[in-house]
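Colleague: Can you read through this structure? Questions will come right after.
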Amino acid sequence: MKVLIIEDEQDIAQSIQGYFKGEGVKCETAHSYVQAIHKIDNYDYDCILLDLGLPDGDGFDILRELRSKDKTDGVIIISAKETLEARIEGFSLGADDYLTKPFHLAELLVRMQALVRRRNFRGSNRVVFKEIQIEVFTKTVLVSGQKLELTRKELNLLLFLIGNNDKVLSKSAIAEHLSGDMADMLDSHDFIYAHIKNLKKKLAKAGSGDYIKTVYGEGYKWEK
């Protein structure tokens, strides 16, 4: 998962980021309205954690911006505002969930995982594609019932490909998913080819079908 934390209180943002890192979640942060708009204009996220009280703007306006651009990123509002009016406005503007501060990080993680499962895998903790089975919580991959060892990036790549079944994914989109906004700082995306090659090799050795297809000049796609 790739998550954007929009939170002006840096200690809270760092606390969330540190906890999620231990769970294998890639996080980016924005501490102001301007930073947040730049991020959502240039990148896509599995989930956005949105604080409503930003020093230079309104979190509700970020929801309006997401809707105006037809963005499909999931959004969980994290806010000290406990009023019914704030909740109603947030949900009306497209938020998927609302968590009032203070909250337990474990609960935030579970809510976020549930949101991503609903959006990408119809709410299931288990992703199944023919002979391939992925247990999302335990990060276990089975091919025809036999365990397949993958690196964290290979697992993230596999889930990203299956979650976008039959869609062509550019190298830049894959790089962004695996590396976040650090992808802009890379001289090339050759590392994507290496990850694709290694993943294909491991799947083939385990007896899986060849589902990762190269679309020349465009990128890659997972094909039935």
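The values are calculated or read from the model by the stated rules, or taken from the named source; none is laboratory data. Not measured: the values here are computed from a predicted model. FYI the Cβ positions are ideal-geometry reconstructions off the backbone, even for glycines, and counts take in every protein chain you see. Only protein heavy atoms, including side chains, enter the accessible area calculation; ligands, DNA and RNA are left aside. Shrake-Rupley method; radii C 1.70, N 1.55, O 1.52, S 1.80 Å.
Colleague: Restricting to segment 127-136, give me the number of residues that are modelled with pLDDT under 85 and of a type in the set (S, T, N, Q).
Modeller: Total meeting the criteria: 0.
Colleague: When you go through (1) free of Cβ contacts under 8 Å to residues at least 12 places away in the same chain; (2) open to solvent by 80 Å² or more (accessible area, probe 1.4 Å); (3) not in a loop (DSSP other than H, G, I, E, B) one by one for Arg64, which number turns out not to apply?
Modeller: Of everything listed in (1) free of Cβ contacts under 8 Å to residues at least 12 places away in the same chain; (2) open to solvent by 80 Å² or more (accessible area, probe 1.4 Å); (3) not in a loop (DSSP other than H, G, I, E, B), Arg64 misses just condition (1).
Colleague: Within segment 5-27, track down each residue that is of a type in the set (S, T, N, Q) and not in a helix (DSSP H, G or I).
Modeller: none
Colleague: So which residues in segment 123-166 are under 18 Å from Gly209 (Cα atoms), in contact (Cβ under 8 Å) with a residue 40 or more places away in the chain and either part of a helix (DSSP H, G or I) or in contact with a Cys (Cβ under 9 Å, 6 or more places away or on another chain) (or both), if there are any at all?
Modeller: Glu154, Leu157, Leu158, Leu161, Ile162, Gly163, listed by residue number.
Colleague: Looking at Asn120, is it at pLDDT below 80, open to solvent by 40 Å² or more (accessible area, probe 1.4 Å) and within 16 Å of Lys2 (Cβ to Cβ)?
Modeller: yes
Colleague: Would you please name the residue that is modelled with the lowest pLDDT, looking only at residues in segment 1-27 that are open to solvent by 10 Å² or more (accessible area, probe 1.4 Å) and among the charged types (D, E, K, R)?
Modeller: Only one residue tops the list, namely Glu23.
Colleague: Would you confirm, using the coordinates I've provided, whether Leu109 is of a type outside the set (S, T, N, Q), more than 30 Å from Lys213 (Cα to Cα) and either assigned to a strand (DSSP E or B) or in contact with a helix residue (DSSP H, G or I) (Cβ under 9 Å, 6 or more places away or on another chain) (or both)?
Modeller: Yes, satisfied.
Colleague: Now for a different question. Out of (1) closer than 17 Å to Val3 by Cβ; (2) open to solvent by 10 Å² or more (accessible area, probe 1.4 Å); (3) aliphatic (A, V, I, L, M), what's the single condition that is false for Leu54?
Modeller: Exception for Leu54: condition (1).
Colleague: Give segment 137-195 a look and list any residue that's farther than 18 Å from Gln113 by Cα, at pLDDT below 80, in contact with a helix residue (DSSP H, G or I) (Cβ under 6 Å, 6 or more places away or on another chain) and open to solvent by less than 40 Å² (accessible area, probe 1.4 Å), or say none.
Modeller: Glu176, Ala183 - these are the residues of segment 137-195 that are farther than 18 Å from Gln113 by Cα, at pLDDT below 80, in contact with a helix residue (DSSP H, G or I) (Cβ under 6 Å, 6 or more places away or on another chain) and open to solvent by less than 40 Å² (accessible area, probe 1.4 Å).
Colleague: Which of the residues belonging to segment 199-216 are closer than 20 Å to Gln133 by Cβ and either of a type outside the set (A, V, I, L, M, F, W, C) or outside any helix (DSSP H, G or I) (or both)?
Modeller: Across segment 199-216, the qualifying residues are Lys200, Lys201, Lys202, Lys205, Ala206, Gly207, Ser208, Gly209, Asp210, Tyr211, Ile212.
Colleague: Does segment 28-51 hold any residues that are touching a residue at least 40 places away in the same chain (Cβ under 8 Å), surrounded by fewer than 20 Cβ atoms within 10 Å (Cβ to Cβ), outside any helix (DSSP H, G or I) and not aromatic (Phe, Trp, Tyr), and which are they?
Modeller: Glu28, Asp44
Colleague: Can you spot a residue in segment 31-50 that is on the phi > 0 side of the Ramachandran plot and either of a type in the set (D, E, K, R) or modelled with pLDDT under 90 (or both)?
Modeller: Initial filter on segment 31-50 (on the phi > 0 side of the Ramachandran plot): none.
Checked against the condition, which is being on the phi > 0 side of the Ramachandran plot and either of a type in the set (D, E, K, R) or modelled with pLDDT under 90 (or both), segment 31-50 yields no hits at all.
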